[in-house]
Structures are given as structure tokens and as C-alpha cells.
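Reviewing the structure listed below.
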Amino acid sequence: MPMQPGDVQATYADIDELTDVTGFKPTTTIDEGLKKFVEWYREYYG
């Protein structure tokens with residue numbers, strides 16, 4: 001689909017402060033996270 005109203009071209013999230021405060025740094029890749037989410041969704045709603 002083409003860009004929709006409200007879509008942004010790029011985001012540059014900076015989680016350094018959150019990591020400093022919590023000590024947690026995520027390591028899940030987007031591919032792995034999406035796969036796990038779809039599996040959960042299908043099991044939960046299927």
C-alpha cells in the first residue's frame with residue numbers, strides 16, 4: 001500500500017535511557033518477534 005495519512009518515513013527510537021534505568025536491552029529481532037506474535041495470536045484467537 002502507498003503511504004497513508006499519518007505514516008512516517010522513518011523512526012529513530014533511542015532506548016538508551018530506558019536501558020540505563022531498567023538494565024534491560026531487548027534482543028528479539030523483528031522477524032522473530034512477528035513470528036512469535038502470529039503464533040500466539042493464532043493460538044489465542046484460533
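Tell me whether segment 12-32 contains one or more residues that are assigned to a helix (DSSP H, G or I), under 13 Å from the mean Cα position of the chain (by Cα), modelled with pLDDT of 95 or more and not hydroxyl-bearing (Ser, Thr, Tyr). Please lay out each step first, then the result.
We begin by selecting, within segment 12-32, every residue assigned to a helix (DSSP H, G or I); these are 16-22, 30-32.
Checking the rest, the ones that are also under 13 Å from the mean Cα position of the chain (by Cα) come to 30-32.
Now restrict to residues that are modelled with pLDDT of 95 or more: 31-32.
Restricting the remaining residues to those that are not hydroxyl-bearing (Ser, Thr, Tyr) gives 31-32.
For segment 12-32, residues assigned to a helix (DSSP H, G or I), under 13 Å from the mean Cα position of the chain (by Cα), modelled with pLDDT of 95 or more and not hydroxyl-bearing (Ser, Thr, Tyr): present.
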Next item on the list: Mind listing whichever residues of segment 33-46 are assigned to a helix (DSSP H, G or I) and either small (Gly, Ala, Ser) or on the phi > 0 side of the Ramachandran plot (or both)?
Entry: Gly33
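The values are calculated or read from the model by the stated rules, or taken from the named source; none is laboratory data. Remember, predicted model here, so these are calculated numbers, not experimental data.
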